[in-house]
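A quick write-up on the structure given underneath.
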Amino acid sequence: MERFYRSRMDSPGWTAFTVQVKETDLWIRARKDCSKKGYERVFQYRNYLETYIHHHPRFKESLIPLAVEATAPVIIQSMLQAGITAGVGPMAAVAGAMAECVGLDLLAETEELIIENGGDLFLSCREPVTVGIFAGKSPLSGKVGIRLPADQGPRGLCTSSGTIGHSISFGRADAVTILSPSAALADAVATATGNRVRTARDIQPALDFARQIEGIEGALVIIGEQMGVWGGMELVTL
């Protein structure tokens, strides 16, 4: 998923705004304008991250899981736990964790919202939502979507790619999308699953990997013209 789709979402009763603090760039769609609180929360969580990284530089650099520190801020603990569960470094969960932490706070202000952070989504909607998948140069890019049913509660839908974007990936998947109640976990598992995909033959083993992780509800893998899907993801043609 990529930011060009921000301009494609428009429906009555919703408002959309962006919150930017340094490298963090959230697009938020909600039932009311809560941009002020959104900015405060992004600033707060970025401060937690920057302060923690200053005192624990390994947190930013590690490509392997690190132990959870019980006294760390909630966003740090969320990233550490997601990294342990997925078998990756904690920064693999940063975009999903930021969207999730901000989103959970904003749900006190608005009954429904969607937050996009670099292609990773935190959603809590009472109506069905269809999310298009951007998969780089794959012929399936922009032609496949995931339809999420209404009233599912907070969910994370996060995408990793080995061919587009700036995130570290050791695979060659055009898109790996993971569905979970935790956006931080979905983000980390998307990275871990994508690391396992270098050819179309790796699709099924990668799906099997995601499937065995507790808390993962669905997985989609696209590489070139090939696609595989598992779990609670209803695919639609766009």
| field | Choice from THR71, THR193, THR24 showing the highest fluctuation, given a GNM over the chain with Cα pairs closer than 10 Å | value | THR71
| request: Quick one, could you list the DSSP H helices from the chain stretching 15 Å or more along their long axis (Cα atoms) with average Kyte-Doolittle hydropathy of 0.0 or above? | output: 74-86, 94-106, 183-194
| said: Students often forget the sequence filter, so: which lysines lie under 28 Å Cα-Cα from LYS22 once same-chain residues fewer than 8 apart are removed? | reply: LYS32, LYS36, LYS37, LYS60
| message | How high is the relative contact order of the chain? Use alpha-carbon pairs under 8 Å, at least six apart in sequence, and give a whole percent. | response | 16
| note | Note to self: C-alpha centroids of the range 86-101 and the range 125-201 sit apart, in Å, by 14
| In Å, what is the Rg of the alpha-carbon atoms in the chain, and how long is Dmax? | 16.7, 47
| remark: Residues other than ASP202 with Cβ under 12 Å of its Cβ, Lys/Arg counted +1 and Asp/Glu -1, net out at +3
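Cβ under 15 Å from ILE53's Cβ, ILE53 left aside: what net charge do those residues give with Lys, Arg +1 and Asp, Glu -1? Could the numbers behind the result be given before it?
Working: positive: LYS22, ARG46, ARG58, LYS60; negative: GLU23, GLU50, GLU61, GLU69.
Once all neighbours under 15 Å are counted, the net charge is 0.
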| field | Difference of contour (0.36 nm per residue) and Cα-Cα distance, GLN212 to ARG46 | value | 56.6 nm
| query | Under a point spin-label approximation (7 Å from Cα along Cα-to-Cβ), what is the GLU23-LEU235 distance to one decimal in nm? | reply | 3.3
| GNM top mover of ALA16, ALA184, ALA135 - the chain, alpha-carbon springs below 10 Å | ALA16
| Measuring from label point to label point, each 7 Å out along Cα→Cβ, what is the ASP33 to ALA70 span in nm? | 4.5
| request: Quickly estimate the mean residue ellipticity at 222 nm for the chain, helices only: each DSSP H run with n ≥ 4 gives -39500 (n - 2.57), and the total goes over all residues, rounded to 500. | output: -9500 deg cm²/dmol
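No value in this document is a laboratory result; all are computed from the given coordinates. Model, not experiment: these values are computed from the prediction. Cβ coordinates were reconstructed from backbone atoms using ideal geometry, including for glycine residues, and neighbour counts include every protein chain displayed.
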